[in-house]
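Please treat every number below as a calculation from the coordinates, not as lab data. All of these numbers come straight from a predicted model, not from anything done at the bench. Cβ sites come from the backbone with ideal geometry, for glycine too, and all protein chains shown count toward neighbours.
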Amino acid sequence: MGKIKQILIKTKDRIKDLLIEMKPEMEKEIELAYKDNFNEWFGMLFQLDKFDLRPGLIDINNIKMSKSKLKEAQSEMLLYENLRDLHYISMVQIGQEYHLIDGYHRVIKARKANIDVLKATIWTKVEHNDHKNVPKIRGLIMDNI
């Protein structure tokens, strides 16, 4: 198991509580990322002083996707046959573009079902995130590196 994964498994309970305290309206989105040990959110959590997150609705026909991750997800679709909940993908907004970071299988299934809009967690770069929990989350990660 990689070092980052070990850190996230060790700290995920406390990170979840701090994130929900920061963004109580996003409890469902945070809970979904928690179940995946915050793997896809690590980069933003590590630099949380430079990112903010918000809920949103995303038109999945206008998103950027990694070709290699898309190809990998397409090859794994049989494993996700029973996936029914297609909501709560994760995006990073860069300028006016939305880049998918988590939810490739959901996007593929939604497109096949002719669903155009999904609920998303949208991470946006900010000048400074000064929420009181930001240093606590970063400290949890740094103390375990």
For segment 113-139, the count of residues that are assigned to a helix (DSSP H, G or I) and surrounded by 16 or more Cβ atoms within 10 Å (Cβ to Cβ) equals 3
Conditions first: (1) farther than 22 Å from H128 by Cβ; (2) surrounded by 13 or more Cβ atoms within 10 Å (Cβ to Cβ); (3) touching a Lys or Arg at 6+ places or on another chain (Cβ under 9 Å); (4) touching a residue at least 24 places away in the same chain (Cβ under 8 Å). K50 passes all but one, so which condition is the exception?
(1)
Hey, does segment 57-68 have a residue that's among the charged types (D, E, K, R), farther than 27 Å from N129 by Cβ, without any contact (Cβ under 8 Å) to a residue 24 or more places away in the chain and assigned to a helix (DSSP H, G or I)?
yes
Take the conditions basic (K, R) and out of contact with any Leu (no Cβ under 9 Å at 6 or more places or on another chain) and apply them to K109. Does it pass?
no
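Okay, residues lined up against (1) over 19 Å from M44 (Cβ atoms); (2) touching a helix residue (DSSP H, G or I) at 6+ places or on another chain (Cβ under 9 Å); (3) of a type in the set (V, I, T):
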site: P55; (1), (2), (3): no, yes, no
site: I94; (1), (2), (3): no, no, yes
site: I101; (1), (2), (3): no, yes, yes
site: V117; (1), (2), (3): yes, yes, yes
site: K125; (1), (2), (3): no, yes, no
site: I145; (1), (2), (3): no, yes, yes
Mind checking which residues of segment 94-112 are buried (at least 16 other Cβ atoms within 10 Å of the Cβ) and free of Cβ contacts under 8 Å to residues at least 60 places away in the same chain?
Y98, L100, G103, Y104, H105, R106, V107, I108, K109, A110
Quick one: which residue in L83, L140, L53 is closer than 19 Å to D17 by Cβ and over 17 Å from the mean Cα position of the chain (by Cα)?
L140
Give just the number: which of (1) on the phi < 0 side of the Ramachandran plot; (2) out of contact with any Asp or Glu (no Cβ under 8 Å at 6 or more places or on another chain) does G103 not satisfy?
(1)
Where L78 falls short, out of the listed (1) more than 24 Å from K5 (Cα to Cα); (2) not aromatic (F, W, Y); (3) not in a helix (DSSP H, G or I)
(3)
